[in-house]
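Below: one structure, written as structure tokens.
The values are calculated or read from the model by the stated rules, or taken from the named source; none is laboratory data. Model, not experiment: these values are computed from the prediction. Virtual Cβ from ideal backbone geometry, glycine too; neighbours counted across all protein chains shown. Keep in mind that these areas ignore ligands, DNA and RNA; they rest on the heavy atoms of the full protein, side chains included. Shrake-Rupley method; radii C 1.70, N 1.55, O 1.52, S 1.80 Å.
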Amino acid sequence: MLATTKSNGWFHLMAAVTVSIWGTTFVSTKVLIGYGLSPVDILFYRFLLAYICIFFFSYRKIFSNTWRDELTFVALGLCGGSLYFVAENTAVGITLASNVSLIICTAPILAAFLSLLFYRGEKLQKKLICGSLLALFGVGLVVFNGSFILKINPAGDMLTLLAALLWAFYCLLLRRMSSRYTTLFITRKVFFYGILTLLPFYFFVPLQTDPEILFRPVVLANLLFLGVIASMLCYLMWNTAVKRLGVVRTTNYIYVVPLVTLLTSAIIIDETITIVALLGSVLILSGVYIAERGFGKLH
């Protein structure tokens, strides 16, 4: 039991590092948008770079074992790639960013109840529910950072909720495929179908292909960070953590993203951190710890 706890610690660290990196990606995205790239352009190039990099490590097996599994990988590419990011980025454009940050953090709760619905061998305990609600309340304090102004925009907020639901489904589908395929193979397929299902969007908005923009040092550096680190490396770590820790334990770390964003904003763009936000940070960390101990399997 002690050995298992210690070995699981590495997978908890993977999940924590992953969400910490994802919490900083808004800076790179903001820089790239400033240079003329759209959110869809950014997603295309970061997934393309990630796919090229991971292909060198996973190239022997091209197709999955059955056509049904291949369709599942298409769903993974949609839920964890194209549709998720398009829904989230579109929501940011039509509602408050704080609303998006808060609502997207419902993904762990949605994942917990979907896991309970689809997997009979799992159970929810009071600690999980209480910890999740505590962390979600902490997220609210961090997101608003002492300024409690909530502007309801039904379209934007519903899109954000859809994005959270898509990510929850991604994690559930990921768990299903993890017992059949390697993490490298799964991650490569997610990037491939994420790119493929993104292509129809370019019938409406052309892809930015200007070399003078794409090969500027700042643009290239940020794309490499998003593609190699935030996509390839982070998806590998996330998928590995889900495979070992399960859907609920891993998705609970999503609550940490607004905390990392808050700290990054303070360091890079000099945003002020209030006492309320600090209290929210404590609640997030406490809630994640409590929730993680409130999930288990029936044996």
Is it true that some residue in region 203-211 is out of contact with any Gly (no Cβ under 9 Å at 6 or more places or on another chain) and open to solvent by less than 30 Å² (accessible area, probe 1.4 Å)? no
Show the residue pairs meeting these rules: Cβ distance below 8 Å; 6+ apart or different chains; first residue within region 45-62 and closer than 16 Å to residue 181 by Cβ; second residue not in a helix (DSSP H, G or I). 58/182
Hey, among 233, 226, 245, which residue is within 29 Å of residue 33 (Cα to Cα), open to solvent by less than 40 Å² (accessible area, probe 1.4 Å) and either among the charged types (D, E, K, R) or at pLDDT 65 or above (or both)? 226
Matching residues in region 136-158 (modelled with pLDDT of 65 or more and over 15 Å from residue 105 (Cβ atoms)) number 4
